[in-house]
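Worksheet: the structure to be examined is printed underneath.
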Amino acid sequence: MTEFLFSSANIPFIISLGVMVAFTIIEILSTSIGIGISEMVDSMLPEFDADIDIDIDADGDLTGVDGSANSLANLLSWFRIGEVPVVMLLIIFLTSFGISGLTIQYVMISVTGYTLPAGIAAIPAFLSAIPAIRGLGGLLGKYMPKDETYVVSEDSFIGMFVLITLGESHAGHPAQAKLKDKFGQTHYLMVEPDNPSDRFGTGEKALVVSKSGSLYKIIGVDNVAMSD
């Protein structure tokens, strides 16, 4: 068994499991002294360092975000980024990749007497690890302790300022915006101009004035100043 595990055909999978063990040990030790690696890594990911409250339609897609912004938001959401610490997702991937690869090689040598070349075996191992990130990541996210200790009504977002973070918001085309509530929690909303002629691009600030289903209506900051 030792000869099988450390054969050249299994090197990528053994390395993957070794890195996973190293990450796990470092995370446990750093957390025990109050410096979690997960928090450090997540803090290096701007705009995605908090729980993402993106609204998703019945088909699992973000509604109304155009082009690359829609693709990026969907990709991050699908991989549970923002819902589960990135280091945890990496550990899940490394574990799944390593175990899947070794399993494939064990089945091959049991059936044919030969293992696959490492590069070839890595392909199905990689593909099997991808859904594991979403499935196990979602399961882990349900039981992980949350930093947020306050429940905030979504209706309370009306009258608060948001920052457009993904896409361009115009009539019929919502974009993603970031909002911080009174407790300092970050929320990500889908927003659309209240005035059909308005347009809001990434980096612009606006005010939430109403809510319709999962969509929030916004007006420009200049309009707020004029009304005051």
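Summary of values
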{"read-out": "Positions within the range 103-133 being under 18 Å from Ser7 (Cα atoms), touching a helix residue (DSSP H, G or I) at 6+ places or on another chain (Cβ under 8 Å), surrounded by 12 or more Cβ atoms within 10 Å (Cβ to Cβ) and not hydrophobic (A, V, I, L, M, F, W, C), in sequence order", "value": "Gln105, Tyr106, Thr115"}
{"read-out": "Complete set of residues in the range 142-188 that are at pLDDT 75 or above, closer than 23 Å to Pro85 by Cβ and surrounded by 12 or more Cβ atoms within 10 Å (Cβ to Cβ)", "value": "Thr165, Leu166, Gln176, Lys178, Leu179, Lys180, Asp181, Gln185, Thr186, His187, Tyr188"}
{"read-out": "Evaluation of Lys217 against (1) at pLDDT below 85; (2) surrounded by 15 or more Cβ atoms within 10 Å (Cβ to Cβ); (3) not polar (S, T, N, Q) (one fails), failing number", "value": "(1)"}
{"read-out": "Looking only at the range 182-211, and only at residues there that are of a type in the set (Gly, Ala, Ser) and free of Cβ contacts under 8 Å to residues at least 40 places away in the same chain, the one that is nearest to Glu168 (Cα to Cα)", "value": "Gly201"}
{"read-out": "Condition check for Leu62: in contact with a helix residue (DSSP H, G or I) (Cβ under 9 Å, 6 or more places away or on another chain), buried (at least 19 other Cβ atoms within 10 Å of the Cβ) and modelled with pLDDT of 60 or more", "value": "no"}
{"read-out": "Tally of residues being in contact with a strand residue (DSSP E or B) (Cβ under 7 Å, 6 or more places away or on another chain) and at pLDDT 95 or above across the range 72-108", "value": "0"}
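The values are calculated or read from the model by the stated rules, or taken from the named source; none is laboratory data. None of these values were measured; they are calculated from a predicted model. As a convention, Cβ positions derive from the backbone with ideal geometry for all residues, glycine included, and neighbour counts pool all protein chains shown.
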